[in-house]
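Notes for the one structure printed next.
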Ligand code: GLN
């Protein structure tokens, strides 16, 4: 049934880059066989999921939504996807995304934008952005093409698309999910996580995805907690911090109203509400848009036309010409913009002024959170400053696009677990999300508070 829905919705939503119906059926058959033999089934047994096309999947094209990797068929499986298959999940297909996970609307994909299944109720029928970069994942889960999907979050790419489409998504603590086999964007920030219909499904899927991996040098060597079994929405004895600096100009009044609703729901669940201060918040976005492009410019240097992916070798050309032609043809505009910014902030003359400064700011942001978590257990904030916007609306204005990440990037820079949960609809009938940020390793606290809101 899911395979049929994936095929039926493809023209309207463009959520998948490739569908893999046989893989989904194979996994279902394997679960049936295991059940018949009386074997213990994994926690994802028989669940068909969508896989963001940033995870390497053995024998199945993996593109990062870029022309650079079009046709690339990995010979190996990412650790996170291997963990999911071992837990019994099956793959419906590879999901569309922003090219190399750079974007907030899924409009930078080489394979065309994804369309959100949502529409405004006020007459306007303009197609809306599903958020990004995990826009295929959010649209597919919201449209019920799959019960759950993987996402990755470097600066909000799980949380923002979840908020835009009325689903749940958690970015765990940096290091919980292995980055091995995930196409690298900004390695000190990249983190995989689940996107699903509700908090419980996220807890189950995160359990399957997470775990120490010796192949990732930044993998956390900690046991995976039984998050689902410990879910508890009782907030008595919990202090929920409300960060003063997140009441920013430019935030939609309906977003502020939903934040107030969230505060009321937390009180109803027994929590104590405390105001906290994260004084360096206003520097988070500029610091992110220096650190992330810097790491991207370094990571993307590997796409040179030599080893794998696209090769554009003009007749009679030398090596330098091949690099230039390959990279000119293979990368989209946003990816080139990031590489240029990254190379600039890392260059000898500007390294101290930009890159080092941004790294110092990153340390201050982490210290802000550490101080706040002395007086509260969790932080509650909006996920985004607006609801979903029309496709095309922000594509000519990168700064406006980047501003959409303003509430998401601080937790990324600090490596903290953060989740977006649905928090009702705005006046135009579009979903809004609320964000919960926890102490490092406290995914349980984040999931529990998410359950209290849900
Ligand atoms: N929108 C942010 C960016 O374009 C975040 C992307 C992400 O988390 N992968 O960098």
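Values quoted throughout were computed directly from the atomic coordinates according to the rules given, and no laboratory measurement underlies them. Keep in mind it's a predicted model, so treat the numbers as computed, not measured. Note that we place each Cβ from the backbone using ideal geometry, even for glycine, and neighbour counts take in every protein chain shown.
Working from Cα pairs under 8 Å separated by at least six residues, relative contact order for the range 94-209 is 23 percent. Ordered by the count of other Cβ atoms within 10 Å of each Cβ, fewest first, 246, 402 give 402, 246. Between the range 107-162 and the range 390-414, the alpha-carbon centres lie 14 Å apart. In percent, rounded to a whole number, the relative contact order of the range 25-132 is 24, using alpha-carbon pairs under 8 Å and six or more apart.
Under 1.5 on a/c is rounded, so check that first for the range 270-337, then, if it is not, pick prolate when a/b is larger than b/c and oblate when it is not; a ≥ b ≥ c are the square roots of the alpha carbon gyration tensor eigenvalues. Prolate shape, in that a/c is at least 1.5 and a/b is the bigger ratio. Subtracting the Cα-Cα distance of residue 125 and residue 425 from 0.36 nm times their residue separation leaves 106.3 nm of extension gain. Neighbour counts of other Cβ atoms within 10 Å put 420, 138 in the fewest-to-most order 420, 138.
Averaged over residues, the count of other Cβ atoms within 10 Å places the peptides 323-333, 286-296, 167-177 in the sequence 167-177, 286-296, 323-333, highest first.
How much of the DSSP beta bridge set in the range 36-165 is antiparallel, as a percent to the nearest 5? So the antiparallel bridges amount to about 10 percent of the total.
From the square roots a ≥ b ≥ c of the eigenvalues of the alpha-carbon gyration tensor of the chain, which class results: rounded (a/c under 1.5), prolate (a/b over b/c), or oblate? Since a/c stays below 1.5, the shape of the chain is classed as rounded. Contact order for the chain, expressed relative to its length and based on alpha carbon pairs under 8 Å spaced 6+ residues apart, stands at 18 percent. What FRET efficiency comes out for residue 73 versus residue 400 if R0 is 35 angstrom and r is the Cβ-Cβ distance? Round to the nearest 0.05. Working from the Cβ atoms, E equals 0.40. Just how far, in whole angstrom, is the range 66-81 from the range 356-372 if you go by their alpha carbon centroids? Going from one Cα centre to the other spans 34 Å.
Can you sort 204, 43 so the residue with the fewest Cβ neighbours within 10 Å comes first?
With the sparsest Cβ surroundings first, the list reads 43, 204.
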